[in-house]
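Below is one structure, written out as structure tokens, with a few remarks after it.
The values are calculated or read from the model by the stated rules, or taken from the named source; none is laboratory data. All figures in this text were calculated on a predicted structure; none of them were measured in a lab. Ideal geometry is used to build each Cβ from the backbone, glycine not excepted, and the neighbour counts take in all protein chains shown. With ligands, DNA and RNA removed, areas are computed over all heavy atoms of the protein, side chains included. Shrake-Rupley method; radii C 1.70, N 1.55, O 1.52, S 1.80 Å.
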Amino acid sequence: MINSKDTNENDLMDKIVSLCKRRGFVFQGSEIYGGLAGTYDWGHYGVALKNNIKQNWWKKFVDGRRDIYGIDAAILMNRKVWETSGHVAGFVDPMEDGKQFNVMFKTQIGAGDEAVVSYLRPETAQGMFVNFKNIVDAFHPKLPFGTAQIGKAFRNEIAPRDFIFRQREFEQMEIEYFIRANDWEKYFEYWKSEMLEWMEEVGLDMAKVRELEIPKENRAHYSSRTIDFEFDYPFGRKELFGLAYRTDFDLKNHKLEYVDEVPTSEGTGIPIESKVIIPHVIEPTFGVDRAILALLLSAYTEDKQGGEIRSYLKFKPNIAPVICAVSPLLKNKKELVEYANIKVYAPLKEEFGRVAWDDNGNIGKRYRRQDEIGTPFCIVIDFDTLTDNTVTVRDRDTGEQERVKVSDLQNYIKEKI
Ligand code: GAP
């Protein structure tokens, strides 16, 4: 088996980019007009992959916990947010001639004399900080607690490059976890392991993930400690996700406080001492697009089947854009097509949603196509099906096939997800 490790690394990036276009995952933005650097459009399977990643993340970090509150804040915010957060003064990249360039996208809100300048958000984080009081008033959470948000972020990167790695419009999944100042080291370690656990769960090649302690001079203006999780991309070891200790920097700047109720004698619940404090923040941040790129690179595999080299994406079933493809052996045999459509495709589609109908070309071609999309199971309806109500289920990774009763199909797939 030729794993992605053994393929020429430059080729690998080209292969991923062309697979993404050919199979409908990711397209260059504004392509028919020559493109727009740093923007990409997501096709049917790319959206499915992204949705699976985001849902998986939300399930683990929001729905699967009691202490994290979801939010979906506006992308456009009052410019004072960005002045106060330090982004207007400090969110800069050096240009070639040594000048500093602010990477926020400036935009105009309103018309004529009424127009005011603001910025497209460069991080989702501020949308959570400015809602701190709303969240406290609405839910009365006790420390430690967090907020989570998934959404677009925009940066006018000087040199967007490496496919979806560095874009001007991208997506983030972020958590702001509010703690008492003394606890920061404990929760920094805790979130480090939570992040690693999630990376493993979605199927990242952990042998390619490294932790990098970011020295003070390279940290963002708000951070007292940052770890980057780096990934070994074909173009080098570069940032994947980040974990930062933002201290009380943001809440303090926004003049937001919290009434902390501390039980004075452990366990009794009474008496309670109330103190006004500014919570500190641990921030695990994940780039959706980088997660997808790293997943594509982790999943891409080549091997030989039937004497031919084939490439496939070895996605975990819970992440794969298509869970199974349904194929009538011959597309011009009405009884096969009808059986496949009514008895197999329709119920599976209803149950799982991400089910493909594939009757294009011969079976070999269909398998290759589904392999490239990363579909774990291909189900074929043949003439035996009509008499014994069983179908062939082919496993993407081994190419092995087994007969499964049509009535068992849903459970068969559920067990593997
Ligand atoms: N709120 C903290 C923050 O925004 P960051 O390290 O600047 O921290 C967080 O960005 C994550 O967003 C990064 O770890 C990366 O995954 C992703 N990211 C940042 N810039 C990006 C870009 N230009 N294109 C794609 N993803 C990007």
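How large is ³J(HN,Hα) for each residue in the range 387-396, as worked out from phi by the Karplus curve 6.51 cos²θ - 1.76 cosθ + 1.60 (θ = phi - 60°), to whole Hz, x for Gly and Pro?
9, 10, 6, 10, 10, 8, 10, 9, 7, 4
Please give the contour-minus-distance gain from ILE158 to ASN253: 0.36 nm per residue of separation, less the Cα-Cα distance, rounded to one decimal in nm.
Here the segment from ILE158 to ASN253 would lengthen by 31.4 nm.
Quote the relative contact order of the range 1-148 in percent (integer), defining contacts as alpha-carbon pairs under 8 Å separated by 6+ residues.
After rounding, I find 18 percent.
With labels modelled as points extended 7 Å from the Cα through the Cβ direction, what inter-label distance (nm, one decimal) is found for ARG66 paired with ARG237?
Label-label distance for ARG66 and ARG237, simple model: 4.1 nm.
Counting alpha carbon pairs within less than 8 Å and at least 6 residues apart, what relative contact order, in whole percent, applies to the chain?
After rounding, I find 14 percent.
As I understand it, the dipole of the range 322-416 uses +1 on the Cβ of Lys and Arg and -1 on the Cβ of Asp and Glu, about the Cα centre. Which of THR385, VAL406, ALA340 lies farthest toward its positive end?
Among THR385, VAL406, ALA340, the one farthest towards the positive end of the dipole of the range 322-416 is ALA340.
Which is the longest part of the chain that has none of the GluC sites (Glu not before Pro) sitting in a DSSP loop with at most 10 other Cβ atoms within 10 Å?
97-265
For the chain, what is the mean residue ellipticity at 222 nm derived from helices alone (per DSSP H run of n ≥ 4: -39500 (n - 2.57); sum divided by total residues; nearest 500 deg cm²/dmol)?
-8500 deg cm²/dmol
For helix 44-58, what angle does its Cα long axis make with the longest principal axis of the chain, in degrees from 0 to 90 and rounded to 10?
So the inclination is approximately 50 degrees.
Return an integer: the convex hull volume of the alpha-carbon atoms of the range 291-417, in Å³ per residue.
99 Å³
Once amide H atoms are placed 1.01 Å from N in the peptide plane, what residues at a sequence separation of 5 or more from GLU230, or on another chain, have their amide H within under 5 Å of its amide H?
ARG210, GLU211, LEU212, LEU240
Answer with one residue from ILE272, GLY307, PHE170: the one whose Cα lies farthest towards the positive end of the charge dipole of the chain, charges on Cβ with Lys, Arg +1 and Asp, Glu -1.
Toward the positive end, the furthest listed residue is GLY307.
To the nearest 20 debye, what is the magnitude of the charge dipole of the chain about its Cα centre, counting +1 on the Cβ of each Lys and Arg and -1 on the Cβ of each Asp and Glu?
720 debye
For a test of the definition: using alpha carbon positions, the gyration tensor, and the 1.5 limit on a/c, classify the range 81-221 as rounded, prolate or oblate.
Oblate, because a/c is 1.5 or more while a/b does not exceed b/c.
Just to be sure I understand the curve: with the Debye formula and one point per C-alpha of the range 342-406, what is log10 I(q)/I(0) at q = 0.26 Å⁻¹?
Cα-only, vacuum Debye calculation for the range 342-406: -1.35.
From Cα coordinates alone, what are the radius of gyration and Dmax values for the chain in angstrom?
Radius of gyration, then largest Cα-Cα span, for the chain: 24.9, 79 Å.
Could you give me the ³J(HN,Hα) list for the range 315-332, computed from phi with Karplus coefficients 6.51, -1.76, 1.60 and θ = phi - 60°, whole Hz, x at Gly and Pro?
Karplus values, whole Hz, x for Gly and Pro: 5, 5, x, 6, 9, 3, x, 10, 7, 7, 10, 10, 9, x, 3, 10, 7, 9.
Just to make sure I understand: if all protein chains stay in place, what is the order of ASP260, ASP14, ASP41, ASP162 by accessible area at 1.4 Å, largest first?
Sorted by accessible area, descending: ASP14, ASP41, ASP162, ASP260.
Taking square-rooted eigenvalues a ≥ b ≥ c of the alpha carbon gyration tensor, is the range 113-192 rounded, prolate or oblate, where a/c under 1.5 means rounded and, failing that, a/b exceeding b/c means prolate?
Oblate, because a/c is 1.5 or more while a/b does not exceed b/c.
Would you please classify the overall shape of the range 17-153 from the alpha carbon gyration tensor, given that a ≥ b ≥ c denote the square roots of the eigenvalues, rounded means a/c under 1.5, and beyond that prolate means a/b larger than b/c while oblate covers the rest?
Judged from the Cα gyration tensor, the range 17-153 comes out oblate (a/c at least 1.5, b/c at or above a/b).
Test of the criteria: in the range 181-290, which trypsin sites (Lys or Arg not before Pro) are in a DSSP loop and have at most 13 other Cβ atoms within 10 angstrom of their Cβ?
LYS255
Roll a 1.4 Å probe over the protein heavy atoms and report the accessible area of MET77 in Å², nearest 10.
20 Å²
Report the full-extension gain for the segment GLU201 to ALA111: residue separation times 0.36 nm, less the Cα-Cα distance, to one decimal in nm.
Going from the current span to full extension adds 27.6 nm.
Using Cα atoms only, what is the angle between the long axis of helix 9-22 and the major principal axis of the chain, expressed in degrees (0 to 90) to the nearest 10?
Compared with the principal axis, the helix lies near 70 degrees.
To test your reading of the geometry: what angle, between 0 and 90 degrees and rounded to tens, separates the Cα axis of helix 288-299 from the longest principal axis of the chain?
The answer is roughly 40 degrees.
Tell me, what is the FRET efficiency for ALA138 and ALA74 to the nearest 0.05, using R0 = 22 angstrom and their Cβ-Cβ distance as r?
So the FRET efficiency works out to roughly 0.80.
Hey, can you grab everything whose amide H is under 5 Å from the amide H of ARG225? Only 5+ residues off in sequence or another chain; H modelled, so Pro and N-termini drop out.
TYR245
How much length is gained on full extension from GLU213 to PHE27, taking 0.36 nm per residue of separation minus their Cα-Cα distance?
In short, 63.5 nm is gained.
When all protein chains stay in place, what accessible area (Å², nearest 10, 1.4 Å probe) is found for VAL380?
Taking all protein chains as shown, VAL380 has close to 10 Å².
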